[in-house]
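Notes follow the structure.
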There are 2 protein chains.
Amino acid sequence: MAFVKKELKKKSENISDWYNDVVLKAELADYGPVKGTMVIRPYGYALWETTQQIFDKMIKAAGVQNAYFPLFIPMSLLAKEKKHVEGFSPELAVVTHGGGEKLAEPLAVRPTSETIMYSMFAKWIQSHRDLPLLLNQWCNVVRWEKRTYLFLRTTEFLWQEGHTAHATHDDAIAFANKAHEWYRQVFEEYFAMPVILGRKSATEQFAGAAFSLTVEALMPDGKSLQSATSHDLGQNFSKVFDIQFSSKDGKREYVWQTSWGLSTRALGGLFLTHGDDDGLILPPKIAPIQVVIVPITKTVDAYVARVKEALVATGVRVLVDESDDSMGRKFNKWEMKGVSVRIEIGEKEVAGETVTIILRDTHEKKQIQWKECVTQMDSLLNEIQQRLFDKQKAFLDRHTFTAYSYEEFKKIMSTTKGFIHALWCEDATCEKAIKDETKATTRCLPLDAKEEKGVCIYCGKPAYHRWIFGQSY
Amino acid sequence: MAFVKKELKKKSENISDWYNDVVLKAELADYGPVKGTMVIRPYGYALWETTQQIFDKMIKAAGVQNAYFPLFIPMSLLAKEKKHVEGFSPELAVVTHGGGEKLAEPLAVRPTSETIMYSMFAKWIQSHRDLPLLLNQWCNVVRWEKRTYLFLRTTEFLWQEGHTAHATHDDAIAFANKAHEWYRQVFEEYFAMPVILGRKSATEQFAGAAFSLTVEALMPDGKSLQSATSHDLGQNFSKVFDIQFSSKDGKREYVWQTSWGLSTRALGGLFLTHGDDDGLILPPKIAPIQVVIVPITKTVDAYVARVKEALVATGVRVLVDESDDSMGRKFNKWEMKGVSVRIEIGEKEVAGETVTIILRDTHEKKQIQWKECVTQMDSLLNEIQQRLFDKQKAFLDRHTFTAYSYEEFKKIMSTTKGFIHALWCEDATCEKAIKDETKATTRCLPLDAKEEKGVCIYCGKPAYHRWIFGQSY
């Protein structure tokens, strides 16, 4: 039994080493042959598929339709919006040859699809009747990285990118907010990760946006992860791509746009957040396997089948481990893979019409009647889901501070880390100085921030809002 | 009403012009800004999503798991299997720069993923316990093309590629056959397209395969479309990628492999097959919208809502067209988009508790009780599905010939075209000569072909099987 446990590095000792180790050993992902790339293995990909199903249902209910746009973007198209190309140029992969010939114009492998999509929007949108245009695509994107951090930073990643066009700025802002709220639901209700909703500073916002909304999560090491973003693009792109419509009163106007994205990076946040020294802990709502049944002897097969079928009939995702591994290895394996509930069934359980259940998060072990186990499994899984969230919420609260002096600020950032609320003058010079000195960046201005009259924690000039600062992934 | 119809080119006059026209006007797809690329619009993408759901269910029931491998393949990896790289080299897009620097080794954008997947298989497969390994990925691939034929030939396309590894050759062959049968089901049972199942000639098979199975469909112009393929890879790749396992009796052996793929190309075949001069005709089983309701006046809204809800409750995919277009435009639009059933509801229908239904494929129009319409819709849609298949089956039968002389062969290929069964000596020289002279290639050796004793239709040397020849897309 000690075999696997000994092998897995301890989260309590070094979270970064543990993370790489558990992602590889739980078979979530592996390093690809090209530097910076990653292979998503079936256990990891199943989590992405569940995330896709959850999110796809939300956006389709709101009238968003899926589509697919080309991978390659001509450099001239990418360069049309000045801030956009400045932001993405250093990260591009460039195709220079195709079909054995040098291309007349190099092609960028999409880092994001605003430019290629909006060149088409200009063609499709003519009248106010064509608005709102609500599109989304699930695809791969490439942003050049030399150092891989599995899921969290890879050259290629998978995501959804939503892109909408509206007749008024109010409509666009409302949609950006709607996407922001969808992301909150994904993280809080499914990933069991409490998040902070807010607006990015001008320095930190998306290249080409009027403003960016962000969902920020706090990791166990006190660093924050930008987990999904939603942008009001204003008319920045519609003006350069000439996306105009004739309004109800016959005027030609530029559309107002949004874009919003959630990527496989979010899964990295999920794995980092909930695990412990024994491995992953996956929230039941998105776990590919919610319950694993381990038969202790071969003689209990019929009983095991009956319990499994009854659980499957209630909608629970169950796997029976019939491999010829030792019991110890099986227990460790499913603990490491973060399955919420393990059911052990031996002769003793069959005799008493019971099952032994072991909860992954609390290690609680108890024997209950098998019929009870079936009828109560759904609420048991919900309890686990809620407990994981509550635990993280308590952690977030313990690691959220208000700093009234820069000394205090520096002390927190050099010890526990976490989120620090602090007054800031909104000048990029102070933002940069704070970053250089403490590694902390502005994470966001929380949506519920109230206006105050105070002074910037760094320069002492007037400041009106408490921003959240944190070190980031 | 004549407005849209006049605009749409006629299938009966020039199928190629009609096809491009209807794909654009029905908003299935549009040309992308880079030569050879295509944008899949929501109406076209919804068909791909349905195809994905259908196929994903089939493969998962057989234990296949989805995963995701990197887009970029180092050229050295691609070059490991000699025939494979020879086959794909002329079609590659190559990334030479990343993150602002010239790369030490150029990267190919995947044209297919055998090489990158199998470099990982070598790491993951150790023992017979790791077999069979059954993986699939849904992704984009790139094969350089200069001339676009929407859906049918584009630089980038979407597909699934299944890749499996087995302990024995028999197991691999059985799996290749299983995938082949799945493809038959997709085409015949969902796309309403009768297909021929067979094996490719050595010239036509996949670069690197031991043999390739194909699903061939006949288009209305008598040309055939290779619609999906399934390959027995033998040990060709396992030997060069060193994928070995220890067998039950402790020997080191190379695995036996398969790969199999279905792409967005299949949708092109679907559109070509069923349409007519009025536009698309989509088989109900995969149509994004099966029934469209057109209210004739504003006064019937409550009644329309009742009919819609009752239909939705039976699982039918319904859309109510509440746009402010004219009736004529609405009728033409939904005909062009190939919706199986149109329901018209006006004051007359409300008064009589009826609806007027118009079938897309036969243009039959009748008035029936609305409750009857609801209870019978499912069987009506099934009848339409079957009728579309039967029509194509009759067409296929009429255009399938046996040629007993090369003169006869040439005559068919220069007139009606179609599938020609003909004895061939299986020498690539004859195959090439026939292609040069008639544009017809070997499509496949049908699975049910019987051994005969005869002579090659071209060279007169001994021949033992009747192969199917046809001109291809």
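Testing B:Asn66 on (1) in contact with a Ser or Thr (Cβ under 9 Å, 6 or more places away or on another chain); (2) within 11 Å of chain A (Cβ to nearest Cβ), one condition comes back false. Which one is that?
Going through the list (1) in contact with a Ser or Thr (Cβ under 9 Å, 6 or more places away or on another chain); (2) within 11 Å of chain A (Cβ to nearest Cβ), B:Asn66 breaks only (1).
So B:Arg317 clears everything in (1) under 29 Å from the mean Cα position of the chain (by Cα); (2) crowded, with 20+ Cβ neighbours inside 10 Å; (3) charged (D, E, K, R) except one condition, right? Which one?
Only one criterion in (1) under 29 Å from the mean Cα position of the chain (by Cα); (2) crowded, with 20+ Cβ neighbours inside 10 Å; (3) charged (D, E, K, R) is unmet by B:Arg317, namely (2).
Only residues in segment A:35-62 that are more than 7 Å from chain B (Cβ to nearest Cβ) and buried (at least 19 other Cβ atoms within 10 Å of the Cβ) count as the first member; pair them with residues that are charged (D, E, K, R) and in a loop (DSSP other than H, G, I, E, B), Cβ under 8 angstrom, at least 6 apart or cross-chain, and list the lot.
From residues that are more than 7 Å from chain B (Cβ to nearest Cβ) and buried (at least 19 other Cβ atoms within 10 Å of the Cβ), the pairs are A:Gly36/A:Glu145; A:Gly36/A:Lys146; A:Gly36/A:Arg147; A:Tyr43/A:Glu27; A:Tyr43/A:Lys337; A:Gly44/A:Glu27.
Has segment B:82-96 got at least one residue that is modelled with pLDDT of 95 or more, within 7 Å of chain A (Cβ to nearest Cβ) and more than 27 Å from B:Tyr149 (Cα to Cα)?
yes
Tell me, please, whether a residue that is surrounded by fewer than 21 Cβ atoms within 10 Å (Cβ to Cβ), among the β-branched types (Val, Ile, Thr) and away from chain A (no Cβ under 11 Å) can be found in segment B:169-181.
Of segment B:169-181, the ones surrounded by fewer than 21 Cβ atoms within 10 Å (Cβ to Cβ) are B:169-171, B:173-174, B:177-178, B:181.
Add one more test, that the residue is among the β-branched types (Val, Ile, Thr), and what stays is B:173.
Filter once more, so that each one left must be away from chain A (no Cβ under 11 Å): B:173.
Within segment B:169-181 (the criterion being surrounded by fewer than 21 Cβ atoms within 10 Å (Cβ to Cβ), among the β-branched types (Val, Ile, Thr) and away from chain A (no Cβ under 11 Å)), the answer is yes, since at least one residue qualifies.
Can you name the condition, by its number, that B:Leu381 falls short on among (1) within 23 Å of B:Arg199 (Cα to Cα); (2) in contact with a Ser or Thr (Cβ under 7 Å, 6 or more places away or on another chain); (3) in contact (Cβ under 8 Å) with a residue 40 or more places away in the chain?
With (1) within 23 Å of B:Arg199 (Cα to Cα); (2) in contact with a Ser or Thr (Cβ under 7 Å, 6 or more places away or on another chain); (3) in contact (Cβ under 8 Å) with a residue 40 or more places away in the chain applied to B:Leu381, the lone miss is (1).
Filter segment A:389-420 down to the residues that are of a type in the set (Val, Ile, Thr) and farther than 27 Å from A:Thr362 by Cβ and list them by number. I'd like the intermediate steps shown before the answer.
Looking only at segment A:389-420, we keep the residues that are of a type in the set (Val, Ile, Thr), and these are A:400, A:402, A:412, A:415-416, A:420.
Hits for segment A:389-420 are A:Thr402, A:Ile412, A:Thr415, A:Ile420.
Suppose the filter is surrounded by fewer than 16 Cβ atoms within 10 Å (Cβ to Cβ), within 13 Å of chain A (Cβ to nearest Cβ) and of a type in the set (A, V, I, L, M, F, W, C); does B:Leu77 pass it? Don't jump to the end; show me each part of the working.
On the way: surrounded by fewer than 16 Cβ atoms within 10 Å (Cβ to Cβ): no; within 13 Å of chain A (Cβ to nearest Cβ): yes; of a type in the set (A, V, I, L, M, F, W, C): yes.
Against the criterion (surrounded by fewer than 16 Cβ atoms within 10 Å (Cβ to Cβ), within 13 Å of chain A (Cβ to nearest Cβ) and of a type in the set (A, V, I, L, M, F, W, C)), B:Leu77 does not qualify.
Got a sec? Which strands (runs of 3 or more DSSP E) wholly within segment B:170-256 have at least 1 residues that are more than 20 Å from the chain's Cα centre (by Cα), closer than 30 Å to A:Asp324 by Cβ and assigned by TED's automatic domain parsing to the domain that holds B:Lys123?
Ranges flagged: B:224-234, B:244-246, B:252-254.
Output yes when any residue across segment B:321-342 is aliphatic (A, V, I, L, M), at negative phi and surrounded by fewer than 18 Cβ atoms within 10 Å (Cβ to Cβ), and no when none is. Working first, answer last.
We begin by selecting, within segment B:321-342, every residue aliphatic (A, V, I, L, M); these are B:327, B:336, B:339, B:341.
Next, only the ones that are at negative phi stay: B:327, B:336, B:339, B:341.
Now drop any that are not surrounded by fewer than 18 Cβ atoms within 10 Å (Cβ to Cβ), which leaves B:327.
Within segment B:321-342, one or more residues are aliphatic (A, V, I, L, M), at negative phi and surrounded by fewer than 18 Cβ atoms within 10 Å (Cβ to Cβ).
Has segment A:357-376 got at least one residue that is buried (at least 19 other Cβ atoms within 10 Å of the Cβ), farther than 14 Å from A:Ile281 by Cα, in contact with a Cys (Cβ under 9 Å, 6 or more places away or on another chain) and at pLDDT 95 or above?
Among the residues of segment A:357-376, at least one is buried (at least 19 other Cβ atoms within 10 Å of the Cβ), farther than 14 Å from A:Ile281 by Cα, in contact with a Cys (Cβ under 9 Å, 6 or more places away or on another chain) and at pLDDT 95 or above, which makes the answer yes.
Which residue out of B:Lys200, B:Lys223, B:Lys248 is touching a Gly at 6+ places or on another chain (Cβ under 8 Å) and either touching a residue at least 40 places away in the same chain (Cβ under 8 Å) or of a type in the set (Val, Ile, Thr) (or both)?
One residue alone meets the criteria, B:Lys223.
Filter segment B:441-473 for residues that are among the hydroxyl-bearing types (Ser, Thr, Tyr) and at pLDDT below 95; which is nearest to B:His399 (Cα to Cα)?
B:Ser472
Mind checking which helices (runs of 4 or more DSSP H) fall wholly inside segment A:1-61 and carry at least 2 residues that are modelled with pLDDT of 95 or more and in contact with a Phe, Trp or Tyr (Cβ under 6 Å, 6 or more places away or on another chain)?
It comes to A:42-61.
Being crowded, with 20+ Cβ neighbours inside 10 Å and touching a Ser or Thr at 6+ places or on another chain (Cβ under 9 Å) is the filter here; which residues of segment A:277-288 pass it?
Correct list: A:Ile281, A:Leu282, A:Pro283, A:Pro284, A:Ile286, A:Ala287.
Can you name the number of the only condition in (1) touching a helix residue (DSSP H, G or I) at 6+ places or on another chain (Cβ under 9 Å); (2) farther than 19 Å from B:Ala176 by Cβ that B:Trp256 fails?
(2)
Is at least one residue of segment A:122-143 in contact with an Asp or Glu (Cβ under 6 Å, 6 or more places away or on another chain), closer than 30 Å to A:Leu267 by Cβ, facing chain B (nearest Cβ under 8 Å) and surrounded by 17 or more Cβ atoms within 10 Å (Cβ to Cβ)?
Yes, some residue in segment A:122-143 is in contact with an Asp or Glu (Cβ under 6 Å, 6 or more places away or on another chain), closer than 30 Å to A:Leu267 by Cβ, facing chain B (nearest Cβ under 8 Å) and surrounded by 17 or more Cβ atoms within 10 Å (Cβ to Cβ).
Looking at (1) more than 19 Å from the chain's Cα centre (by Cα); (2) outside the structural domain of A:Asp325 (by TED's automatic domain parsing), can you tell me which one A:Val300 breaks?
Condition not satisfied by A:Val300: (2).
Tally time: how many residues in segment A:111-121 are under 15 Å from A:Ala167 (Cα atoms) and within 10 Å of chain B (Cβ to nearest Cβ)?
So the count comes out to 0.
For residues that are surrounded by 22 or more Cβ atoms within 10 Å (Cβ to Cβ) and more than 9 Å from chain B (Cβ to nearest Cβ), scanning just segment A:97-110, find the one that is nearest to A:Thr154 (Cα to Cα). Can you show your working first?
Of the residues in segment A:97-110, the ones surrounded by 22 or more Cβ atoms within 10 Å (Cβ to Cβ) are A:98, A:107-110.
Right, trim to more than 9 Å from chain B (Cβ to nearest Cβ) and you get A:108, A:110.
Details: A:Ala108: 17, A:Arg110: 14 Å.
Only one residue tops the list, namely A:Arg110.
Quick check, is A:Ile289 within 14 Å of another protein chain (Cβ to nearest Cβ), modelled with pLDDT of 95 or more, outside any helix (DSSP H, G or I) and touching a strand residue (DSSP E or B) at 6+ places or on another chain (Cβ under 8 Å)?
Here the answer is yes, as A:Ile289 does meet what is asked.
The values are calculated or read from the model by the stated rules, or taken from the named source; none is laboratory data. The structure displayed is predicted, hence computed values, not measured ones. Neighbour counts run over all protein chains shown; Cβ positions are idealised from the backbone, glycine included.
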